[in-house]
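Engineer: Have a look at this one before I ask anything.
The values are calculated or read from the model by the stated rules, or taken from the named source; none is laboratory data. Please read all numbers here as calculations on a predicted model, not as lab measurements. Note that each Cβ is placed from the backbone with ideal geometry, even for glycine, and that neighbours are counted across all protein chains shown. Side chains are part of the model used for accessible areas, which takes the heavy atoms of the whole protein and leaves out ligands, DNA and RNA. Shrake-Rupley method; radii C 1.70, N 1.55, O 1.52, S 1.80 Å.
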Amino acid sequence: AVLIRGKSTTGSTAPLVVVDGVPDDGGWQNINSNDIESVSVLKDASAAIYGARAANGVILITTKRGSKGKPIVSYTFNQGLTQAAVIPKMASSASFAEYVNYLQDVAGQAPRFTEAEIQKFRDGSDPINYPNVDWFREVVRPTTPQSQHNLNVRGGNEDIKYSLSGSFSNQQGMFKNGSHNFKTYTVRSNMDIKVNEYIKVGLDLNGGLNNGNYPAYSTSTIFGNMKQVPYIPVYWANGLPSPGIEQGENPAIMATDATGNNNDTYQRLMGKASIDIAIPFVKGLGVDGYFAYNDLGRTIKNWQTPWTVYSYTASTDTYTPIGGGRINAPQLTQSLRTIKTSLVNVRIKYDTDLGDSRIGAFIAGEQSRTDTSFFQAFRQGYLSPALDELFAGGLTNQQTTGYSAVNTRNNLFGRLSYGY
């Protein structure tokens, strides 16, 4: 979270974010950093013009615009590697066995491991029957690749200035053999047009798509199942996955598409049309305004399937399949959330130089409307994992929920300034 005035005990402490003069309700987090011209922070008196919404401060973001001159084309490519900030250092099998024996002794019970077995854990002489496994090192990648492409064209003349940009980024997950894959696409166009000496218009368009593909279980759930003992391997000697210590929830398998798939798609389209009119024959008097429209949609499709892990019996050298997870048949949860916001802003302004002083004033009106809708459905009892569609699920225990809401706001505000 981004905080300006600290965190309070009640209510939202998030600052108001304004992008190119338009209040933003979350889309700013998806702005390509290469499209940002400047970022400013306001608080207290300097933020008062934004009213009650500025109680936690204001962040002003200005995106890049065109400039007079020949077209300038720029392309950047970034290839990076990320890694977990902290990876816990886990106890070895020998240390774990000694600790278990200590607890057994405190409880007045016989030791669970013999000294000979502990020595085998320690020296690795029998890695099949007495393994020593660091689950974090086996399941989590040491580094994860990420890449980003950015293309921008800027230019213009006396009458038209433009800035066009597009980007694509891709980041893979931190689990070995995991199905995590996150891709983003953005397109932005900012145009400023001088119609004549009195009228200027602008047109800003911004579209984007975030496409996240993940295993059926969240990263926090997968990490929660890292509580494994070091003498149970991630994979047996023949390559089959072990069941771990509980319900077959081996995190190395839970991070793959063997458990199903969770697709999270976030689409956004934002547009702003603006006009600035200088009133002829009245120096300093003008009217400006804009209409902005945001259309955000998020679709989540979580398809969960049971998976297979294997137990191993050393005495017979056999592997027995075990159903993994807490479900015995596929199940699907699918949801759609949409947020549509329209905003109209009109301002009458006056600004003139009186020689030894300067006077400025404006009065403005603003009206906004936000329509939110949400729908979610759940079905289970699928006969096969081959078809992940709602109609193919069973009718028993099916669930649906949803809602819609409308939020409107009308503002009237102004300012008067006089200085020498």
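Engineer: Go over the candidates Gly284, Gly324 one by one and state the one that is open to solvent by less than 40 Å² (accessible area, probe 1.4 Å), farther than 30 Å from Val19 by Cα, at pLDDT below 95 and in contact with a strand residue (DSSP E or B) (Cβ under 8 Å, 6 or more places away or on another chain).
Structural biologist: From the options Gly284, Gly324, the qualifying one is Gly324.
Engineer: Applying the selection to segment 327-342, what residues are modelled with pLDDT of 95 or more and surrounded by fewer than 19 Cβ atoms within 10 Å (Cβ to Cβ)?
Structural biologist: Answer for segment 327-342, where residues must be modelled with pLDDT of 95 or more and surrounded by fewer than 19 Cβ atoms within 10 Å (Cβ to Cβ): Thr333, Gln334, Ser335, Leu336, Arg337, Thr338, Lys340, Ser342.
Engineer: Just give me the residues in segment 197-236 being closer than 23 Å to Ser95 by Cα and part of a loop (DSSP other than H, G, I, E, B), in sequence order.
Structural biologist: Asn225, Met226, Lys227, Gln228, Val229, Pro230, Tyr231, Ile232, Pro233, Val234, Trp236
Engineer: Taking segment 157-174 only, how many residues are over 30 Å from Trp135 (Cβ atoms) and crowded, with 20+ Cβ neighbours inside 10 Å?
Structural biologist: So the count comes out to 4.
Engineer: Do you know which of the residues in segment 56-111 that are touching a residue at least 40 places away in the same chain (Cβ under 8 Å), open to solvent by 50 Å² or more (accessible area, probe 1.4 Å) and of a type in the set (A, V, I, L, M) is farthest from Asp204 (Cα to Cα)?
Structural biologist: Ala91
Engineer: Let me ask another. Please find, among Ser147, Ser189, Ser179, the residue that is in contact (Cβ under 8 Å) with a residue 24 or more places away in the chain, surrounded by 19 or more Cβ atoms within 10 Å (Cβ to Cβ) and closer than 30 Å to Asn78 by Cα.
Structural biologist: Going through Ser147, Ser189, Ser179 in turn, the sole match is Ser179.
Conditions (1) farther than 28 Å from Tyr266 by Cα; (2) open to solvent by less than 80 Å² (accessible area, probe 1.4 Å), marked per residue:
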site: Asp353; (1), (2): yes, no
site: Ser357; (1), (2): yes, yes
site: Gly360; (1), (2): yes, yes
site: Ala364; (1), (2): yes, yes
site: Ala386; (1), (2): no, no
site: Phe391; (1), (2): no, no
site: Asn407; (1), (2): no, no
site: Asn411; (1), (2): yes, yes
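Engineer: Within segment 21-31, is even one residue more than 20 Å from the chain's Cα centre (by Cα) and charged (D, E, K, R)?
Structural biologist: no
Engineer: Shifting gears a bit: Residue under question is Arg347, and the condition is that it be at pLDDT 95 or above, touching a Ser or Thr at 6+ places or on another chain (Cβ under 6 Å) and assigned to a strand (DSSP E or B); does it hold?
Structural biologist: no
Engineer: How many residues are open to solvent by 40 Å² or more (accessible area, probe 1.4 Å) and touching a helix residue (DSSP H, G or I) at 6+ places or on another chain (Cβ under 7 Å) when one looks only at segment 218-236?
Structural biologist: 1
Engineer: Name the residues in segment 282-307 that are assigned to a strand (DSSP E or B) and without any contact (Cβ under 8 Å) to a residue 60 or more places away in the chain, would you?
Structural biologist: Gly289, Phe291, Tyr293, Asp295, Gly297, Arg298, Thr299, Ile300, Trp307
Engineer: Step by step: first the residues of segment 207-256, then only those that are among the β-branched types (Val, Ile, Thr) and touching a strand residue (DSSP E or B) at 6+ places or on another chain (Cβ under 9 Å), then the one that is modelled with the lowest pLDDT. Which residue is that?
Structural biologist: Selected residue: Thr219.
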